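*Asks:* Could you have a look at this structure, given as structure tokens, before my questions?
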Amino acid sequence: MADLSRQEAARTPHIVEMQVVPVAGRDCMLLNLAGAHGPFFTRIVVLLKDSSGNTGLGEVPGSESIRLTLENVRALVLGRPIGDYQAILNAIRASLTAETERQRIVHRAGSTAEALVLSQPHEINLRIENVITAVEAALLDLLGKHLGVPVCALIGRGRQRDAVPVLAYLFYVGDRARTGLPYPEPAGPAGAWARVRSEPALDAAAIVRQAEAATERYGFRDYKLKGGVLPGEEEMGAVEALKRRFPESRVTLDPNGAWSLAEAIALGRAHGQALAYAEDPCGPEDGYSGREVMAEFRRATGIPTATNMVATDWRQLAHSLALNAVDIPLADPHFWTLHGAVNVAGLCEAFGLTWGSHSNNHFDISLAMFTHAAAAATGRITAIDTHWIWQQGTERLTREPFEIVAGEIRLPDRPGLGIEIDPGQLEKAHALYRKVGAGARDDAAAMQYLVPGWTYDPKRPSLARARS
Ligand code: GKR
Ligand code: MG
């Protein structure tokens, strides 16, 4: 029996190479509670090559700790048959869990030389799921290519839909001319999305112009405005303006928990008609957890809630369910893993919730990853987030990135993730990374060009206070 399975394994392609490539892309000056996006964002790409010559791809956030950890798990991946992908991922999880625990113990033990080295915050705060997802996506891509099926056929109960609805992720945009930083120059004719996305947007009229340009280009029917920038009343005014302009659409606002419970309830009662749901309207305060406060908001206003802040792992999700705090968990596969994100959908279906996905700046490999997760999500889903519209047309790593048409992404008829790396583009993005440097996004740094000495305050909108 053992011999038989060894023979079978020998016939399955095995991993012969693992590359971990940090990359950078260009971004507009998008505003949020944490400040302003800088002109560059970083990501990490994993490329796994198998013995049949196929390449599998994964993309995750660009932190240095994720990159180093991916480099360190290579030995658990190389030489393994792709059919063993769950065992490979389990081995990575076990090794990282043990290592994280060891570091916590060393950290708590105090000031030994080792503790000083290991207690750098990025080491302790490493999100194991980010590392696993990078390898998981690449392995599923290989397995799909080997079997001739798309990744969504291999997760959960398989493909549930052929096209995935996507929302227009709108942002207030800062005036890049005041920074001297190398943000992308506007391109294309007046009113076209490629130009509008670089123009400052600091009021409701500008947000509606953004929505019009994005809708003209991508056919959106769902809109999300990133809040936490201006006073809540003004942001809700922008939401009402969007709803007036696109009466059939679903509109949401996400201030990343900046409002107090009292303010969130007042805003929800006064303007909630315009909202299909509220994303993280409030967060922890006065000794109450974000989940408790969101549950109170929901009860007081009757407005459904979504979150990527208070239900980001199974333990948090269990507490959210117990409290009835969240209607739409935004289960981003980058921090839930692809399997995990689809398992969340199963739970949503059983509990009468709606599944969605959060996003952060990303390239087209991630775009394919969340599209497959959403295609495999069982039950009701809401249009998924993507930052891609801010990058589409100038940034790409694959030959033929997924397209958003009529507000949705139709899965291509190709196996695996359905994308193919463009080596020239990968090299270009890696060269940019080498030039602009490593590290996680620092939104405070760019904001300081607009407001000298600006610092993050999770309970005050980023620009409202500068005006008062
Ligand atoms: O890109 O500014 C941004 C977003 O605020 C992002 O950082 C959030 O993680 O999109 C995310 C969200 O929904 O909170
Ligand atoms: Mg959010």
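*Asks:* If each DSSP helix of 4+ residues adds -39,500 (n - 2.57) and the sum is divided by the residues in the chain, what number results at 222 nm, nearest 500 deg cm²/dmol?
*Replies:* Rounded to the nearest 500, it is -13000 deg cm²/dmol.
*Asks:* Right, here's the next one. Take the Cβ-Cβ distance between Ala205 and Val16 as r, set R0 to 45 Å, and report the resulting FRET efficiency rounded to the nearest 0.05.
*Replies:* Computed FRET efficiency for Ala205 and Val16 comes out at 0.20.
*Asks:* For Phe351 and Arg399, calculate 0.36 nm times their separation in residues minus their Cα-Cα distance, and state this gained length in nm to one decimal.
*Replies:* Taking 0.36 nm per residue and subtracting the Cα distance, the gain is 13.3 nm.
*Asks:* Now for a separate question. Using a 1.4 Å probe on the protein chains only, how many percent of the accessible area of the chain belongs to carbon and sulfur?
*Replies:* Whole-percent figure for carbon plus sulfur exposure: 52.
*Asks:* While we're here: Using +1 on the beta carbon of Lys and Arg, -1 on that of Asp and Glu, and nothing else charged, what's the dipole of the range 163-418 about the Cα centre, debye to 20?
*Replies:* My answer is approximately 420 debye.
*Asks:* Could I ask something else about it? Taking all pairs of distinct Cα atoms, average 1/r, flip it, and tell me the Kirkwood hydrodynamic radius of the chain in Å to one decimal place.
*Replies:* That comes to 22.9 Å for the chain.
*Asks:* So, one more: Which of Gly287, Ala91, Ala75 sits closest to the plus end of the dipole of the chain, meaning its Cα is farthest towards the positive end, when Lys and Arg get +1 and Asp and Glu get -1 on the C-beta?
*Replies:* Of Gly287, Ala91, Ala75, it is Ala75.
*Asks:* Can you tell me the order of 360-366, 423-429 when each peptide is scored by its average per-residue count of other Cβ atoms within 10 angstrom, highest first?
*Replies:* Sorting 360-366, 423-429 by mean packing, highest first, produces 360-366, 423-429.
*Asks:* What FRET efficiency comes out for the pair Arg74/Asp413, r = Cβ-Cβ distance, R0 = 30 Å, nearest 0.05?
*Replies:* The formula returns an efficiency of 0.35 here.
*Asks:* What does the accessible area per residue of the range 163-418 come to in Å², with a 1.4 Å probe and no ligands, DNA or RNA counted?
*Replies:* Per residue, the range 163-418 has an accessible area of 35 Å².
*Asks:* Which of the three applies to the range 163-418, rounded, prolate or oblate, going by the alpha-carbon gyration tensor with a ≥ b ≥ c and a/c under 1.5 meaning rounded?
*Replies:* Because a/c hits 1.5 or more and a/b fails to exceed b/c, the range 163-418 counts as oblate.
*Asks:* Which is farthest toward the positive dipole end of the chain among Pro39, Gly191, Gly237, measuring Cα position about the Cα centre, with Cβ charges +1 (Lys, Arg) and -1 (Asp, Glu)?
*Replies:* It is Gly191.
*Asks:* Give the separation of the Cα centroids, the range 255-280 to the range 165-224, in Å.
*Replies:* 24
*Asks:* Between Asp313 and Glu185, what is the label-point separation in nm under the 7 Å Cα-to-beta-carbon projection?
*Replies:* For the pair Glu185/Asp313, the computed spacing is 4.7 nm.
*Asks:* I've got another one for you. In whole angstrom, note down how far apart the Cα centers of the range 315-362 and the range 41-67 are.
*Replies:* 24
The values are calculated or read from the model by the stated rules, or taken from the named source; none is laboratory data. Given the structure is predicted, the values throughout are model-derived calculations rather than measurements. Please note: Cβ atoms are built from the backbone with ideal geometry, for glycine as well, and neighbour counts cover all protein chains shown. SASA here: full protein model, heavy atoms, side chains in, ligands and nucleic acids out. Shrake-Rupley method; radii C 1.70, N 1.55, O 1.52, S 1.80 Å.
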